[in-house]
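Asks: Could you have a look at this structure, given as structure tokens, before my questions?
The values are calculated or read from the model by the stated rules, or taken from the named source; none is laboratory data. Every value quoted in this text rests on a predicted model; they were computed, and no experiment measured them. Note that we place each Cβ from the backbone using ideal geometry, even for glycine, and neighbour counts take in every protein chain shown.
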Amino acid sequence: MSEKPDKLTFAAIGDLHVKEDRTLSFRELFAELSTKAKVLVLCGDLTDLGKPSEAELLAEDLRACSVPTRGKSYVGGSKPLEIHFFVSSRIW
């Protein structure tokens with residue numbers, strides 16, 4: 001009898017639109033998702049305006065995530081800022 005392969009559970013969330021005013025934190029959500037999934041995929045607009053300060057706030061919240069995370073977002077005005085995140089417990 002062959003063994004069952006391990007399941008790989010993904011969690012996906014999109015369009016977070018993290019803002020500088022810090023009206024909403026995703027830290028608790030990321031921590032909870034870490035207990036449910038083995039990989040977290042971030043989709044859509046991760047920040048509101050593509051500012052580095054917004055990306056820093058998101059990175060702070062992502063420290064609560066203990067699973068590998070991958071996200072990519074193109075946002076901004078006439079000169080879009082590309083923000084890449086690769087977070088894992090080994091890096092953070």
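Asks: On the basis of being exposed (fewer than 15 other Cβ atoms within 10 Å of the Cβ) and in a loop (DSSP other than H, G, I, E, B), does THR35 make the cut?
Replies: no
Asks: Looking at (1) closer than 15 Å to CYS65 by Cα; (2) not in a strand (DSSP E or B), which is the only condition GLU3 fails?
Replies: It is condition (1) that GLU3 fails.
Asks: Identify the single condition in (1) in contact with a Lys or Arg (Cβ under 6 Å, 6 or more places away or on another chain); (2) at pLDDT below 65; (3) not in a loop (DSSP other than H, G, I, E, B) that TRP92 does not satisfy, given that it satisfies every other one.
Replies: It fails just one condition, (3).
Asks: Restricting attention to the stretch 19-32, does a residue exist that is surrounded by 14 or more Cβ atoms within 10 Å (Cβ to Cβ) and β-branched (Val, Ile, Thr)?
Replies: No, because not a single residue in the stretch 19-32 is surrounded by 14 or more Cβ atoms within 10 Å (Cβ to Cβ) and β-branched (Val, Ile, Thr).
Asks: Here is a further query. Please work out which residue is modelled with the lowest pLDDT, limiting yourself to the stretch 26-71 and to residues that are of a type in the set (S, T, N, Q) and within 17 Å of PHE10 (Cβ to Cβ).
Replies: By that ranking, first place goes to THR69.
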